[in-house]
Amino acid sequence: MTTSGSDVTVEDVVRTVVAGHRGQRGSLLPILHAIQAELGHVPQEAIPVLADELNLSRADVHGVVTFYHDFRREPAGRTTVRICRAEACQALGADSLVGYAREAGLSLGETTADGSVTVEQVFCLGNCALGPAVEVNGRLYGRVGTARLGSILKETVS
């Protein structure tokens, strides 16, 4: 598989990223983050290449990718919405935000069919004093209610 719009393959990207971390102990997580930064996700075809490069089993690499929720196995939508579900945000109404997203047809952990929005749940955005917190395309919002989430999504997605 080649990456979008170029002749660079996933294997090329993986091997380049691994070369930049060669000799570092415990480099799998930083490598996975770098691959996701480069490709937008960690594709399935990267797993055997990583296993080969790092002298790990495919099961070990796959286990790490699937264990950590930060790693995507499929490309994210053009807009990424992360709703905090940690205790402080839960106490301040995060469930209503999740309900609002579901009513709008946005399922947690999934991307809309048109590729426009991915909604994820996270368990702390570090904005506990201003909960419930939401992050949209890397921008953090505090004290978000359903009306505000709707307006943020409307201006971000349109």
Which is among the small types (Gly, Ala, Ser) and under 19 Å from the mean Cα position of the chain (by Cα), of Ala91, Ala59, Ala19, Ala37? Ala37
Which residues, taken from the stretch 52-75, are modelled with pLDDT under 95 and surrounded by 18 or more Cβ atoms within 10 Å (Cβ to Cβ)? Arg72
Across the stretch 128-144, what is the number of residues that are more than 17 Å from the chain's Cα centre (by Cα) and open to solvent by 30 Å² or more (accessible area, probe 1.4 Å)? 4
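If only one of Pro30, Pro43 is loosely packed, with under 15 Cβ neighbours inside 10 Å, within 30 Å of Val136 (Cβ to Cβ) and modelled with pLDDT of 95 or more, which one is it?
Details: Pro43 fails: loosely packed, with under 15 Cβ neighbours inside 10 Å.
Criteria check complete, one pass: Pro30.
Of a type in the set (D, E, K, R) and either over 16 Å from Leu149 (Cβ atoms) or part of a loop (DSSP other than H, G, I, E, B) (or both): which single residue out of Asp95, Asp114 fits that description? Steps first, answer last, please.
On the way: Asp95 fails: either over 16 Å from Leu149 (Cβ atoms) or part of a loop (DSSP other than H, G, I, E, B) (or both).
Only one candidate qualifies: Asp114.
Yes or no, residue by residue, for (1) out of contact with any Ser or Thr (no Cβ under 8 Å at 6 or more places or on another chain); (2) more than 16 Å from Arg73 (Cα to Cα):
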site	(1), (2)
Leu106	no, yes
Thr111	no, no
Asn127	yes, yes
Val134	yes, yes
Restricting the stretch 105-127 to residues that are surrounded by 15 or more Cβ atoms within 10 Å (Cβ to Cβ) and aliphatic (A, V, I, L, M), which is farthest from the chain's Cα centre (by Cα)? Leu106
The one condition in (1) part of a helix (DSSP H, G or I); (2) small (Gly, Ala, Ser); (3) open to solvent by 70 Å² or more (accessible area, probe 1.4 Å); (4) more than 30 Å from Cys128 (Cα to Cα) that Gly23 fails to fulfil: (1)
For Gly77, indicate whether it is over 22 Å from His41 (Cβ atoms) and either not aliphatic (A, V, I, L, M) or not in a loop (DSSP other than H, G, I, E, B) (or both). no
Go through the stretch 85-104 and give me each residue that's under 24 Å from Ser158 (Cβ atoms) and either of a type in the set (A, V, I, L, M) or open to solvent by less than 30 Å² (accessible area, probe 1.4 Å) (or both). Leu97, Val98, Gly99, Ala101, Ala104
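The values are calculated or read from the model by the stated rules, or taken from the named source; none is laboratory data. Remember, predicted model here, so these are calculated numbers, not experimental data. No Cβ is skipped: glycine too gets one built from the backbone with ideal geometry, and neighbour counts run over all protein chains shown. The accessibility values were calculated without ligands, DNA or RNA, using every heavy atom of the protein model including side chains. Shrake-Rupley method; radii C 1.70, N 1.55, O 1.52, S 1.80 Å.
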